[in-house]
Amino acid sequence: MIPKNFFSLGVAILQVALDTFNQELLTGAGLVLVDFGAPWCGLCRFIQPITDRLSAEWEGAVKVVRVNVDENFLLSRRYQVRSLPTLILFEKGQEVQRLEYFASRDEVLRRCEQLFFTHLRCLSTGSH
């Protein structure tokens, strides 16, 4: 269940393009979650407050960046984005997990938190 005040937090999430994408992945401390979406995508706009909130809650451990697939066709093609939104988690520049085909924003939140807990636990213990 999403708390009532969940959408009240406004945080800045970095919009990246092809020329800054690799830099953001390689300089990210910890994990980088890339949110592939488009302005016309209703579910993409619907989940933006969720990724904003997760970015604030996991600040320092998970960096969140957005990629507009309409403006960055080469990136969406490179990472074989087939549905919107697609969330891809990277560690040290390598894709470690992909989340796509969401049914609801509760599912987005649940799957993202599960993903973060799993990978942050692996980082802290040094296992994968």
Check Ala29 against each of (1) loosely packed, with under 15 Cβ neighbours inside 10 Å; (2) at pLDDT 80 or above and name the one condition it does not meet. (2)
Residue check for Asp70: surrounded by 16 or more Cβ atoms within 10 Å (Cβ to Cβ), out of contact with any Asp or Glu (no Cβ under 6 Å at 6 or more places or on another chain), of a type in the set (Asp, Glu) and modelled with pLDDT of 85 or more: no
With respect to the numbered conditions (1) at pLDDT below 90; (2) surrounded by fewer than 20 Cβ atoms within 10 Å (Cβ to Cβ), which one is the sole condition not fulfilled by Lys63? (2)
Please work out if Val96 is closer than 19 Å to Pro39 by Cα, of a type outside the set (Gly, Ala, Ser) and either at pLDDT 85 or above or surrounded by 13 or more Cβ atoms within 10 Å (Cβ to Cβ) (or both). no
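The values are calculated or read from the model by the stated rules, or taken from the named source; none is laboratory data. Because the structure is a prediction, the values reported are computed rather than measured. So basically every Cβ, Gly included, is an ideal-geometry build from the backbone, and we count neighbours across all protein chains shown.
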